[in-house]
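Asks: This structure is in C-alpha cells; I'll ask about it shortly.
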Amino acid sequence: MKHTETGTDHRFTDAEMEIARETDLPDLLEHLGYQIRRVGSYHTTKEMDSLRIKNRRTWFRYSEQTGGDAITFLQRFCNKSFREAVEYLLAFHGRSRDSPARPHPKAMAEPEKIPFALPQANTDHRRVFAYLQKRGIAPQVIRAFLSSGLLYEDAQHHNCVFVGRDASGEPRFASRRGTYDLNGPGFKRDVAGSDKRVAFRLPSRPELDWVLVFEAPIDLMSYLTLHRQVTSNAIALCGLYEGALDTYLRDNPPIRRIALCLDADGPGQAAAERLQAKYEGLGYIVKIQRPPRGKDWNEYLQQRCIKERRLEIS
C-alpha cells in the first residue's frame, strides 16, 4: 500500500488521502460555521462571496486567484499545516489514527462536536410524496419509508428528510433533499451533526448474508421499486465514503456478500472498484451491479417508466 509523506514522523495511506481530498466542501464549511449559499451550479459563502465551490469538492477564490480541495482550504483559511488539515478531515469523517510517534493525538485535529437534531417535521408529507412519485418511486415504497420513520417532509422548506438510524433505531444521521429539482441540480445537504458512519440504511435480517450498497437514498428507493421483493439489507452511503458500510458490516456479522450498486459514472465506478478490492481483501464476496441504462438507478427507473407509458399508449 502506498503512503504519502507529510513530515519526518508521519505518513498517510492513499486511502486516507482520498477520504480527505473527497470531503464534501459545503458540509465541511457549514460545520466550520460558514453560511453556505447556492448560486446556480456552484456554492459560495456569505462571508466570502468571491469563493466558488464546484462539484462540492473543489474551491476557487477569485479575489486571490487561488483554490484547491478541502486540505488546501484548511491550510489557507484555518491556518493548519498539511498534516493537521488531513488529520482534521479524517476526524471529520470519523476516522481515528493510532500513530506510535503520537501516543496522545491531536486535540486540535478533532472537529468540535455539533449536537444532532432532526429538522421539524411538517404536518403532512404531500410534497415529498408527490416529488418522489414524479421520480418514479412506487407509492408502496414511499409509504413504507414514511411509516418506518426513515423519511419525512420538513416543515420549513418541505425538503425530503432521509433519516439514518443506528442498530438500536436511534436517529444519528439525516440528509435533506429539495423537492424542486426535476429540471436541474437541487438542494442536497446533510443535517449538521450527522454521523456519516451511520448514513441511511435499512435494517438487516439475520438470516440474510448480503447487503446492497448505493450512493443516494433515492437510488436505493428506485432499486426497491424495481425489485419489490427487497425490503431490507440495503444502505445508501450518501456519497462515496464507505464509513457507513464499515459500520453496517460490524453491526451485522452474518453479512458476507456485498453488491456495490453505485452510480454508473466515472467517480461511482472508480469508487466501486476501489471498494471491491478493499472488501474482497477483508474476505467478503463482492460484486459490482450497474444499472442497465442511465447514470444511476433512479435515471434507469425513470427511463423504464417512460417506456412503459409509451407501450400503454401504443
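The values are calculated or read from the model by the stated rules, or taken from the named source; none is laboratory data. Note that the structure is predicted; figures quoted are calculated from it, not measured. Counting neighbours? That spans all protein chains shown, and the Cβs are built from the backbone with ideal geometry, glycine included. In case anyone asks, the SASA skips ligands and DNA or RNA and just uses the protein heavy atoms, side chains included. Shrake-Rupley method; radii C 1.70, N 1.55, O 1.52, S 1.80 Å.
Asks: Going by accessible area, probe 1.4 Å, with all protein chains left in place, what is the ranking of 147, 204, 222, largest first?
Replies: Ranked from most to least accessible, the order is 147, 204, 222.
Asks: Report the label-to-label distance for residue 308 and residue 289 in nanometres (one decimal), using points 7 Å from each Cα along the Cα→Cβ vector.
Replies: My value for the distance between the label points is 1.8 nm.
Asks: Taking H placed 1.01 Å from N in the peptide plane, check which residues at least 5 places from residue 164 or on another chain put their amide H under 5 Å from its amide H.
Replies: 172, 173, 174, 175
Asks: Which of these, 115, 267, 217, has the largest mean-square fluctuation under a Gaussian network model of the chain (Cα springs below 10 Å)?
Replies: Result: 115 has the largest fluctuation of those listed.
Asks: Taking the Kirkwood radius as the inverse of the mean 1/r across Cα pairs, report the Rg/Rh of the stretch 189-284.
Replies: Here the Rg-to-Rh quotient is 0.94.
Asks: Per the helix-only calculation at 222 nm, which mean residue ellipticity applies to the chain, given -39500 (n - 2.57) for every DSSP H run of n ≥ 4 and division by its residues, nearest 500 deg cm²/dmol?
Replies: Value at 222 nm, helices only: -10000 deg cm²/dmol.
Asks: Here is a further query. For a Förster distance of 25 Å, can you work out the FRET efficiency between the beta-carbons of residue 14 and residue 76, rounded to the nearest 0.05?
Replies: E between residue 14 and residue 76, to the nearest 0.05, is 0.60.
Asks: So if I take the centroid of the Cα atoms in the stretch 156-215 and the same for the stretch 132-146, what is the distance between those two points in Å?
Replies: First find each Cα centre; the distance between them is then 15 Å.
Asks: Can you give the % of DSSP beta bridges in the chain that are antiparallel, to the nearest 5?
Replies: Roughly 75 percent of the beta bridges in the chain run antiparallel, per DSSP.
Asks: Using the Kirkwood formula over every pair of different C-alpha atoms, what hydrodynamic radius in Å results for the chain?
Replies: After inverting the mean inverse Cα-Cα distance, the result is 20.8 Å.
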